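To start, the structure under review is shown below, and the notes come after it.
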Amino acid sequence: MNFQITKLEDAPIILADPLGKMMFSDQRTQVTHIELKPYQKIKYHYNTHDVIFFVLEGEGCVEIEEKSQKVCKNTSVFIKGGLLRSWSNKSESNLIIMAIKLMTEIK
């Protein structure tokens, strides 16, 4: 396949709470649209892959290895695989982020 177009409304749901939709996936990359409602949180978790997050809308807090950083629209965050991380929306409006997972495992 040389190209793929995916509309948000047609993307498969891979997370229910918060809502996560798979926009693209192949052997090298996964792109997920994630929507956190006001005061919603993604619990701390590890991932074996590097991830680039891009804030599309709103503002929130990313926590990496117990360090917290407020981020807002049009901001990217790179997180190395193997680090403990979490996201939270502490505002009254939605936080929408795009997660771009690089599928090369960190060893």
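When the range 18-43 is filtered for residues that are farther than 15 Å from G60 by Cβ and either in contact with an Asp or Glu (Cβ under 7 Å, 6 or more places away or on another chain) or not basic (K, R) (or both), the ones remaining, listed by number, are M22, M23, F24, S25, D26, Q27, T29, Q30, V31, T32.
Which residues, counting only those in the range 1-49, are assigned to a loop (DSSP other than H, G, I, E, B) and of a type in the set (A, V, I, L, M)? Outline the logic, then answer.
Kept after step one, since they are assigned to a loop (DSSP other than H, G, I, E, B), are these residues of the range 1-49: 1-7, 11-12, 16-18, 26-28, 37-40, 46-48.
Hits for the range 1-49 are M1, I5, A11, A16.
The residue that is farthest from the chain's Cα centre (by Cα), among those in the range 69-89 that are crowded, with 17+ Cβ neighbours inside 10 Å and not in a loop (DSSP other than H, G, I, E, B), is V71. When residues in the range 1-10 are screened for being over 19 Å from K37 (Cα atoms) and either among the aliphatic types (A, V, I, L, M) or surrounded by 14 or more Cβ atoms within 10 Å (Cβ to Cβ) (or both), 3 of them pass.
What is the residue count in the range 16-40 for residues that are within 22 Å of V71 (Cα to Cα) and of a type in the set (A, V, I, L, M, F, W, C)? Of the residues in that region, 4 qualify.
A short reminder: the numbers here are calculations on the coordinates, not readings from a lab. This is a predicted model, so every value here is computed, not measured. We place every Cβ from the backbone using ideal geometry, glycine too, and count neighbours over all the protein chains shown.
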